[in-house]
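Worksheet for the structure shown next.
The values are calculated or read from the model by the stated rules, or taken from the named source; none is laboratory data. This structure is a prediction, so every number in the text was calculated from the model and none was measured. So basically every Cβ, Gly included, is an ideal-geometry build from the backbone, and we count neighbours across all protein chains shown.
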Amino acid sequence: MSTSLPPPANRKLYEDMAAGLATQGYAIVADALPAGLPDTLLSHVKSLNPAAFRPAGIGRARNHQLDRSVRGDSIHWLDNNDDAVRRYLAWTENLRLELNRRLFLGLFDYECHYAYYPPGAFYKRHVDAFKGDANRVVTTALYLNPQWTPQDGGELLLYPADGDAPIARIPPEYGTMVLFLSEDFPHEVATAHQPRYSISGWFRINNTVGNTIDPPR
Ligand code: OGA
Ligand code: MN
């Protein structure tokens, strides 16, 4: 083997994530990122001009529509032009390779945005990808909320494919990352009672049609 293994602490992290995805379809990992990175991201997201955020819509491209009764967050898509974000994208690139190596998922790239939920905002139950429409394969949510308390609400609720009882209820606590198979888990964000910051992301497979890697979002 010519490729070097990641340091042991990371190896355990990747193993936990891969095992969770393989056995139950999701993983919840505290302190997922390298030390200091959540702080960098939180300062960055808070430094952005509010005008850099736009109300999140539902559906892609021509089906895109705004509906505040479905979701009340505002989002800012991330790319390598954002200096503070480069380290996060380097980390998710490594995660992509590790998941492919362990689970043969053929993940091709990663797209992500900051999400800001003002107090009172929620995101009703939905799925991030539809069967047969394979594109988004693994969803990630990284939470950037220091001192989140149970009264602050804003939990991520994961549901089974066909049932109304949540199988997991995850508070958006600082540095926690949740990963789940995008097609398999309807989920919702409960009403947040404090400002709620996160990064939503999706590992995708290549759906190239002609020269278009993916339909516009
Ligand atoms: C999403 C989403 C979950 C969360 O952005 O599609 O479901 O906990 N986010 O922020
Ligand atoms: Mn979602």
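With respect to Ala56, determine if the residue is within 22 Å of Leu156 (Cβ to Cβ) and free of Cβ contacts under 8 Å to residues at least 40 places away in the same chain.
It is false that Ala56 is within 22 Å of Leu156 (Cβ to Cβ) and free of Cβ contacts under 8 Å to residues at least 40 places away in the same chain.
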Handout entry: Test: Val45 is among the aliphatic types (A, V, I, L, M), assigned to a strand (DSSP E or B), out of contact with any Asp or Glu (no Cβ under 7 Å at 6 or more places or on another chain) and touching a residue at least 12 places away in the same chain (Cβ under 8 Å)
Key = no
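Could you list all residues from segment 103-132 that are acidic (Asp, Glu), within 12 Å of ligand 1 (Cβ to nearest atom) and more than 22 Å from Asp162 (Cβ to Cβ)? Before the answer, list the steps.
Of all residues in segment 103-132, those acidic (Asp, Glu) come to 109, 111, 128.
Filter once more, so that each one left must be within 12 Å of ligand 1 (Cβ to nearest atom): 111, 128.
Within segment 103-132, just Glu111 meets the criteria.
The rows are residues; the columns are (1) of a type in the set (D, E, K, R); (2) more than 21 Å from Pro118 (Cα to Cα); (3) modelled with pLDDT of 95 or more.
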| residue | (1), (2), (3) |
| --- | --- |
| Ser2 | no, yes, no |
| Arg11 | yes, yes, no |
| Gly20 | no, yes, yes |
| Val29 | no, yes, yes |
| Arg54 | yes, no, no |
| Ile75 | no, no, yes |
| Thr92 | no, yes, yes |
| Gly106 | no, yes, no |
Handout entry: Residue satisfying condition, being surrounded by 11 or more Cβ atoms within 10 Å (Cβ to Cβ) and on the phi > 0 side of the Ramachandran plot, within set Asp39, Asp73, Asp67, Asp31
Key = Asp31
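Is it true that Arg125 is surrounded by fewer than 16 Cβ atoms within 10 Å (Cβ to Cβ) and of a type in the set (Lys, Arg)?
On the way: surrounded by fewer than 16 Cβ atoms within 10 Å (Cβ to Cβ): yes; of a type in the set (Lys, Arg): yes.
It is true that Arg125 is surrounded by fewer than 16 Cβ atoms within 10 Å (Cβ to Cβ) and of a type in the set (Lys, Arg).
Just to verify a result, which residue in segment 97-112, among those that are closer than 30 Å to Val70 by Cα and more than 16 Å from ligand 2 (Cβ to nearest atom), is surrounded by the most Cβ atoms within 10 Å (Cβ to Cβ)? Before the answer, list the steps.
Within segment 97-112, the subset closer than 30 Å to Val70 by Cα is 107-112.
Then keep just the ones that are more than 16 Å from ligand 2 (Cβ to nearest atom); that gives 107-109.
Working: Leu107: 20, Phe108: 17, Asp109: 14.
Out of the qualifying residues, it is Leu107.
Would you mind stating whether Ala115 is within 16 Å of ligand 2 (Cβ to nearest atom), among the small types (Gly, Ala, Ser) and either closer than 17 Å to Met177 by Cα or without any contact (Cβ under 8 Å) to a residue 60 or more places away in the chain (or both)? I'd like the intermediate steps shown before the answer.
On the way: within 16 Å of ligand 2 (Cβ to nearest atom): yes; among the small types (Gly, Ala, Ser): yes; either closer than 17 Å to Met177 by Cα or without any contact (Cβ under 8 Å) to a residue 60 or more places away in the chain (or both): yes.
It is true that Ala115 is within 16 Å of ligand 2 (Cβ to nearest atom), among the small types (Gly, Ala, Ser) and either closer than 17 Å to Met177 by Cα or without any contact (Cβ under 8 Å) to a residue 60 or more places away in the chain (or both).
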Practice task
Determine which member of the set Asn100, Asn135 is of a type in the set (S, T, N, Q) and more than 14 Å from ligand 1 (Cβ to nearest atom).
Solution key: Asn100
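Rundown of residues vs (1) within 19 Å of His76 (Cβ to Cβ); (2) of a type in the set (Ser, Thr, Tyr), yes/no style:
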| residue | (1), (2) |
| --- | --- |
| Tyr117 | yes, yes |
| Ala129 | no, no |
| Thr139 | yes, yes |
| Asn145 | yes, no |
| Leu158 | no, no |
| Asp164 | no, no |
| Ala168 | no, no |
| Met177 | yes, no |
